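Notes for the one structure printed next.
Just so it is clear, none of the values below were taken in a lab; they were calculated from the coordinates. Just so it is clear, the structure is predicted and the values come from calculations on it, not from any experiment. Virtual Cβ from ideal backbone geometry, glycine too; neighbours counted across all protein chains shown.
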Amino acid sequence: MKKIIYILSILICHKSFAQKNDGELLNVDKEFAAMSYKLGVANAFEKFLAEDAVFLSSTPLPVEGKNNFMKMFAKTKSTVIWQPTGSFKDKSATSGYTYGLSKWIYRIDDSLACSYYVYNTNWIKDDAGQWKVTTDIGSEISLKSHSLVSKNNFKISKRVNSSISKTIKDKKWTTVYLTFESDRKGFVPAIIVKPNGKEIKAVAFYQHGIGDEYNKEYFLDEAKALAEHGIATLVIDAPFIRKGDSFIESGGMKDAEIFENNCVEWLQAIDILPDFNIRSKNIIFVGQSYGARVAAFMPYLDARFKKVIVVSGIHNYAEWLQTTTVNQITELRKVISPQDFNKYISTIAGYDASLYLNKKNDLDFYFQAGTNDETLSEYDILSCYEMTNSTKRISWYNASHNLNKQAKLDRIEQIVKWANENTSH
């Protein structure tokens, strides 16, 4: 019945609305969503609701009137985020509606859970020229649930053998170019940067993202900066940028193979550290874009991973593919058949760290995100961040997907802080 109400609302209103995806109304709804996240849903509704607003969603009967609406949400402990995906405004520019997807996040015992809704919000401009909500209609939807892949998929069967191709010794650090045999396919090109003449307080692992500009040298300058603080770094080339037999083409069902192989290689990487006189057990994983998925997944495989930095990334990939509004994915959903899309989702969903990170854990996460990211919307980031049931914090930057210099400095500062905390214990 709720779905019928939602569809009828759009059909009845559509003919009288002349301006599709009106920027003004979209921005008002975004402001509404931002206030709800920062100050709480009750405070946001207090500002944006009309006195005679009506709410139709999960309650048996409509909730009528702002006062009743506020009573219902006054004590809610849920975190609510939403993203408007479209709007219409009438010819007089005094009424209209927005629609999109919302996510309600709440606790059940020690775990985080969530519900999804598609919504339609009707707006009217009051005598003071302010947009107010007159009707809010929500219809709950569900995404197919998935289970984590077994840890048995990540067992190592080979002894790790490494080969050094070049060593560069500078005044404050030594840079070692090497390869080691992958347990799964070919050889892994890697770089180790370690401090000279200092106790190694921690080791930072870096996994880069997908793109022509990304490879094992992308974070090399950052690694050298960390060496000055007594921190060693290991970076590797992801399977999709390697040469010859070590290369795995990204896309389609191969994506699951890439991810699994990549994680196994990071488990191997821990074992080669003593060969280079790196014995610290304080391991910090930095994952950028695609690499964020790897970084967030590693604590599930090995308890030595306790601290993770997520850079312009998410760890709920399957959910993101189904709910994001970024152009490249919305276009993909138009051209791929539902059967193939669902098959792909089922292939990669079990590798999402979100399947275990919603449960209470002792991990420490630092998220970095750009407000102008062309790949991830603010909703995409928050949808992942809020379902991470760990010690966590997030920094936002006025930047695109690659972030900026300040993000690099903040990242270094956080790694150094974690390294020193461990040393002082």
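So what's the back-of-envelope 222 nm ellipticity for the chain, counting only DSSP H runs of four-plus at -39500 (n - 2.57) apiece and dividing by all residues, rounded to 500?
Value at 222 nm, helices only, nearest 500: -10500 deg cm²/dmol.
Can you run phi through the Karplus equation (6.51, -1.76, 1.60; θ = phi - 60°) for the range 319-324 and list ³J(HN,Hα) in whole Hz, with x for Gly and Pro?
Result, ordered by residue: 4, 4, 4, 8, 10, 5 Hz.
Only Lys, Arg, Asp and Glu count, each charged at its Cβ (+1, +1, -1, -1), so figure out the dipole size of the chain about its Cα centre, rounded to 20 debye.
840 debye
Give me the distance between the Cα centres of the range 398-418 and the range 144-184, rounded to whole Å.
Cα centres, the range 398-418 to the range 144-184: 25 Å.
Hey, what angle do you get for helix 290-301 against the long axis of the chain, alpha-carbon based, 0 to 90 degrees rounded to 10?
The answer is roughly 70 degrees.
Report the full-extension gain for the segment ALA74 to LYS408: residue separation times 0.36 nm, less the Cα-Cα distance, to one decimal in nm.
116.2 nm
Under a straight-distance cross-link criterion of Cα-Cα below 13 Å, which aspartates and glutamates are reachable from LYS359, leaving out those fewer than 8 residues away in the same chain?
Those aspartates and glutamates meeting the cut-off are ASP109, ASP110, GLU386.
What length, rounded to one decimal in nm, is gained on full extension from GLU217 through to ILE336, with 0.36 nm per residue of separation minus their alpha-carbon distance?
39.4 nm
Sequence neighbours fewer than 8 away in the same chain don't count; with that in mind, list the aspartates and glutamates whose C-alpha is under 12 Å from LYS172.
GLU228
To test your reading of the geometry: what angle, between 0 and 90 degrees and rounded to tens, separates the Cα axis of helix 2-14 from the longest principal axis of the chain?
With both axes taken from Cα atoms, the answer is about 70 degrees.
Of the residues ASN372, ASN398, ASN389, which exhibits the maximal mean-square fluctuation in a Gaussian network model of the chain defined by a 10 Å Cα contact cut-off?
Comparing ASN372, ASN398, ASN389 in the GNM, the peak value goes to ASN398.
Might you report the magnitude of the Cβ-based charge dipole of the range 341-385 about its Cα centre, with Lys and Arg at +1 and Asp and Glu at -1, to the nearest 20 debye?
Dipole about the Cα centre, nearest 20: 320 debye.
Calculated from the structure, Cα Rg over 2.2 N^0.38 Å equals which of [x] 0.92; [y] 1.11; [z] 2.30?
Identified label for the calculated read-out: [y].
Starting from the amide H of SER182, placed 1.01 Å from N in the peptide plane, find each other amide H under 5 Å away whose residue is 5 or more places distant or on another chain.
PHE187, VAL188
In whole Hz, what ³J(HN,Hα) sequence does the range 174-180 give by Karplus (6.51, -1.76, 1.60; θ = phi - 60°), x for Gly and Pro?
Those phi angles translate into 10, 10, 10, 9, 8, 9, 9 Hz.
Scaled to the compact-protein estimate 2.2 N^0.38 Å, what is the alpha-carbon radius of gyration of the range 102-198, rounded to two decimal places?
Working it through for the range 102-198, the quotient is 2.22.
So, by mean Cβ neighbours within 10 angstrom, what's the order for 91-100, 283-292 with the highest one leading?
Top to bottom by mean Cβ count within 10 Å: 283-292, 91-100.
How big is the range 192-284 on each of its three principal axes, counting only the C-alpha atoms and giving the largest first in Å?
Computed over the Cα atoms, the extents are 46, 26, 21 Å.
Mind listing the phi-derived Karplus ³J(HN,Hα) values for the range 257-262, rounded to whole Hz, using 6.51, -1.76 and 1.60 with θ = phi - 60°, and x for any glycine or proline?
Using θ = phi - 60°, the values come out as 5, 4, 4, 5, 4, 4 Hz.
Search the structure for amide H atoms under 5 Å from the amide H of ILE284, placed 1.01 Å from N in the peptide plane, and list their residues when 5 or more places away or on another chain.
The answer is VAL203, ALA204, PHE205.
In square nanometres, what is the average projected area of the Cα convex hull of the range 261-315?
Averaged projected area of the range 261-315's Cα convex hull equals 3.7 nm².
Among the DSSP beta bridges whose two residues both lie in the range 151-424, what percent are antiparallel, rounded to the nearest 5?
The antiparallel fraction comes to roughly 40 percent.
Which value in Å is the Kirkwood Rh of the range 2-141 over different Cα pairs?
For the range 2-141, inverting the mean 1/r across all distinct Cα pairs yields 15.3 Å.
Can you tell me the length gained on complete extension of the stretch ALA303 to LEU143, counting 0.36 nm per residue apart and subtracting the Cα distance?
54.6 nm
If the limit is 30 Å between Cα atoms, which of LYS151/LYS405; LYS216/LYS417; LYS103/LYS307; LYS30/LYS71; LYS77/LYS144; LYS155/LYS360 go over it?
Beyond 30 Å: LYS151/LYS405.
Need one number: convex hull volume per residue for the range 294-383, Cα atoms only, in Å³.
Considering the Cα atoms of the range 294-383, their hull volume per residue is 92 Å³.
Need the list of lysines near LYS334 for cross-linking: C-alpha distance under 17 angstrom, and skip anything on the same chain fewer than eight residues off.
LYS343
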